[in-house]
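The values are calculated or read from the model by the stated rules, or taken from the named source; none is laboratory data. Everything numeric in this text was worked out from a predicted model, so none of it was measured. Note that we place each Cβ from the backbone using ideal geometry, even for glycine, and neighbour counts take in every protein chain shown.
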Amino acid sequence: MSGDPMTIARFLRMSAHLQLMPVLESGEETLVGGQAVMEGVMMRAPHSYCVAVRKPSGEIVTEEQAIERVSEKYPWFKLPVLRGLGMLGQAMTLGYRALKFSANAALDDGTEKDGQKIEVSSWLMTANLVFSLCFFIFLYKFVPLFLATQLGHAVPRLSGRFATNMTDGVIRMAIFLAFLYLISRMKEIRRVFEYHGAEHKVVFNFESRKPLTVDNAQKFVTFHPRCGTSFLLVVMVISMIVYALLPFDTFLAKFLGRIAMLPVITGLSYELIRFAAKRQGTVMGLLTAPGLWLQRITTQPPDDTEVGVAIHALEGAMALEAKQGGELVIA
């Protein structure tokens, strides 16, 4: 990596955004959903997506593309557990693409270097992906297990398999909450959380069947039960249960088991959050409550211009959906 301070700062900002991508993403394959990106919003319809970003000049630029649901291309992704993996895989792929587009748009202030626009290079995005994955495994798999193991050595009551895994889970949640709180103090990330709130308001506006307008969208709350924040919290709870059932006692076996079980935990968590989201107001619906509370950090009240960008993105996705013969109808 270049030692240029601007390049390093850009790398760290992109890394922060990549770490937050699951939090900012919708937690379920649904009629419409989206994700906040740098100075914009990506909105998805069943077979199309559109990302709208406000450039430094104030102009809104968009990128649109037709997409195919993973479950339509590969029927086995319609099966329980597997459908969660397919949904998350596609969501992360689209989110990565939208994030790169938004980063380039945010950099486009009219200046050029060596006769070319300043853009985020492919190597920078690839390096960020590798760094973010390693950072995730280190922070949420290695560190909690290491601390829980050391605590077990110091406190015999916490040295058993079940106690160690429960302690590991509590530490993991504490790290996650601390990370979210600290990163939310950054001015740029707060802007992303405002766009996250705008995305939720516009989705609520669409689901209400009322005309998509800034005034209508602003009447809704920023907390949505299908948010990726709720999904991640459920993942952490399910992780505690699954890890406690693994018949491993050595540190290395436990660590590798945590990595290997990620797909299973993701699929199970998707099924649970999908089931609970459809039963708001019931005991099962309470599963989404902690995620709604946590969205007080991951979503912030947007201004009218930010809501306008989110509406622009959804209208772009809907227009492309219509061109393909699709029709978005609320059941």
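One table, with the values for the structure above:
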item	result
Checklist (1) at pLDDT 90 or above; (2) buried (at least 17 other Cβ atoms within 10 Å of the Cβ); (3) within 23 Å of L145 (Cβ to Cβ); (4) not hydroxyl-bearing (S, T, Y) applied to I238, failing item	(1)
Complete set of residues in the range 178-212 that are within 18 Å of the chain's Cα centre (by Cα) and among the basic types (K, R)	R190, R191, K201
Residue that is surrounded by the most Cβ atoms within 10 Å (Cβ to Cβ), among those in the range 254-288 that are small (G, A, S) and at pLDDT 75 or above	S269
Looking only at the range 116-133, and only at residues there that are surrounded by fewer than 11 Cβ atoms within 10 Å (Cβ to Cβ) and either hydrophobic (A, V, I, L, M, F, W, C) or touching a Leu at 6+ places or on another chain (Cβ under 7 Å) (or both), the one that is modelled with the lowest pLDDT	W123
From R209, R172, residue being in contact (Cβ under 8 Å) with a residue 40 or more places away in the chain, of a type in the set (D, E, K, R) and closer than 20 Å to G291 by Cα	R172
Out of E199, E194, sole residue that is among the acidic types (D, E) and under 30 Å from L82 (Cβ atoms)	E199
The lone exception for Y74 - which of (1) surrounded by fewer than 18 Cβ atoms within 10 Å (Cβ to Cβ); (2) at pLDDT 85 or above it fails	(2)
Residues located in the range 219-264, provided they are among the basic types (K, R) and over 16 Å from P290 (Cβ atoms)	K219, K254, R258
Which listed residue is farther than 22 Å from G34 by Cα and either surrounded by 20 or more Cβ atoms within 10 Å (Cβ to Cβ) or at pLDDT 90 or above (or both), from F251, F204, F231, F223	F251
